[in-house]
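Participant: Starting off with a structure, shown below.
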Amino acid sequence: QGQLVESGGGLVQPGGSLRLSCAGSGFTFEVYAIGWFRQAPGKEREGVSCIGGIDGSIYYADSVKGRFTISRDYYKNTVYLQMSSLKPEDTAVYYCARRNVPECNLDEYDYWGQGVQVTVSS
């Protein structure tokens, strides 16, 4: 029943910024941790960031620390990923996913969005 829909992807030049949105529906949004993942061509899917539910935990991959910021808008049932200082290696399909617990971690994600393309290129 639960659904997640990503938006905000596109083409941006190196050093630019982009904000991704993940809108949830069909479940009690604030209870669950929401994670962002990405998969670049020829590479394995990796965890990018996560924001917790009730516990308020936040996770960033080392590769994006200091450049990406995750946040929640509980009224809009939306999680955002603000990306700045983008690099070509950030190019990937980005997915948001719901974790079946409030705490952030890399496992136990049960609902996934369809993914959105982010391309960083000059």
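Participant: Would you mind working out the accessible area per residue for the stretch 55-122, using a 1.4 Å probe, and quoting it in Å²? Let's see the in-between values first.
Facilitator: Numbers: 3520 Å² over 68 residues.
For the stretch 55-122, the per-residue accessible area is 52 Å².
Participant: Of all accessible surface on the chain at a 1.4 Å probe, what whole percent is carbon and sulfur? Walk me through the intermediate numbers first.
Facilitator: Numbers: 2940 of 6180 Å².
Of all accessible area on the chain, carbon and sulfur atoms account for 48 percent.
Participant: By accessible area of protein heavy atoms, probe 1.4 Å, what ranking do TYR80, TYR111 get, highest first? Don't jump to the answer; show the numbers that get you there.
Facilitator: Details: TYR80 30, TYR111 70 Å².
Accessible-area ranking of TYR80, TYR111, largest first: TYR111, TYR80.
Participant: Additional query: With no other cysteine's Cβ closer than 4.7 Å, which Cys residues of the chain count as lacking a disulfide-compatible partner?
Facilitator: none
Participant: Moving to a separate point now. Over 5 Å intervals from 0, what percent of Cα-Cα pairs in the chain sits in each interval?
Facilitator: 2, 13, 24, 26, 19, 10, 5, 1, 0
Participant: Pick out, in residue order, every one of the GluC sites (Glu not before Pro) in the stretch 56-122 that is DSSP loop and has at most 14 other C-beta atoms within 10 Å; say none if there are none. Working shown, then result.
Facilitator: Details: sites: GLU89, GLU103, GLU108; in loops: GLU103, GLU108.
Counting only loop positions with at most 14 other Cβ atoms within 10 Å, the GluC sites (Glu not before Pro) in the stretch 56-122 are GLU108.
Participant: Out of every Cα pair in the stretch 1-64, what percent are spaced more than 20 Å from each other? Could you put the intermediate results ahead of the total?
Facilitator: Working: 775 of 2016 pairs.
Summing the P(r) tail past 20 Å for the stretch 1-64 gives 38 percent.
The values are calculated or read from the model by the stated rules, or taken from the named source; none is laboratory data. If you're wondering where the values come from, they're calculated on a predicted model, not measured in any experiment. All Cβ positions, even for glycine, are placed from backbone atoms using ideal geometry, and neighbour counts span all protein chains on display. Protein only, heavy atoms only, side chains kept; ligands, DNA and RNA dropped before computing areas. Shrake-Rupley method; radii C 1.70, N 1.55, O 1.52, S 1.80 Å.
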